[in-house]
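Presented below is the structure to which this report refers.
The values are calculated or read from the model by the stated rules, or taken from the named source; none is laboratory data. This one's a predicted model, so the numbers in the text were calculated from it and none came from an experiment. Ligands, DNA and RNA are stripped out before the accessible areas are found, and what is left, the full protein with its side chains, is counted by its heavy atoms. Shrake-Rupley method; radii C 1.70, N 1.55, O 1.52, S 1.80 Å.
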Amino acid sequence: MAQLSLKAGMLEIGYFSFNLHSFFPIALKIATSPWVLCGLGAYVLSMITWLLVLSRTEVSMAYPMISLGYIVSAIAAHYLWGEHLGIIRIFGIFIILLGVFLVAKN
């Protein structure tokens with residue numbers, strides 16, 4: 001959710017050059033973007049959730065599960081913004097799924 005919200009915010013703001021002249025106007029746009037603020041809030045919630053998970057689960061089991069977020073992000077970006085999801089990326093998604101499955105089987 002965080003990555004998708006941040007991407008939506010930056011799509012709204014658009015491409016910019018990162019230099020001294022544009023730093024403050026762009027920083028203000030970013031800091032006041034509802035999508036960016038939503039993304040940052042999602043990061044805070046994910047950190048709270050992550051701490052909860054770590055208090056209950058082994059890190060060697062929990063951490064690989066984070067990679068499922070890559071899959072959700074790639075598929076959501078494909079449907080939301082038409083980002084390319086070619087055969088190589090789909091193959092990579094299946095490799096991630098296989099890795100998560102193998103870690104979870106232990």
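Taking only protein heavy atoms into account and a 1.4 Å probe, give the accessible area per residue of the chain in Å². All intermediate terms of the calculation are to be shown ahead of the outcome.
On the way: 8020 Å² over 106 residues.
Roughly 76 Å² per residue, with all protein chains present.
Could you tell me which helices of the chain pass both thresholds, a Cα extent of 24 Å or more along their own axis and a mean Kyte-Doolittle hydropathy of at least -1.0, with helices taken as whole DSSP H runs?
Working: long enough: 34-54 (30 Å, 1.86); 87-105 (27 Å, 2.52).
Both cut-offs are met by 34-54, 87-105.
In 5 Å bins starting at 0, how do the alpha-carbon pair distances of the chain split up by percent?
2, 11, 15, 16, 16, 16, 12, 7, 3, 1, 0
Hey, what did the chain get for relative contact order, percent, Cα under 8 Å, at least 6 apart? Could the numbers behind the result be given before it?
Details: 60 pairs, mean separation 29.9, N = 106.
Reported as a whole number, the value is 28 percent.
Leaving out ligands, DNA and RNA, and with a 1.4 Å probe, what % of the accessible surface on region 17-106 is carbon or sulfur? Numbers along the way, then the final one.
On the way: 5290 of 6980 Å².
Of all accessible area on region 17-106, carbon and sulfur atoms account for 76 percent.
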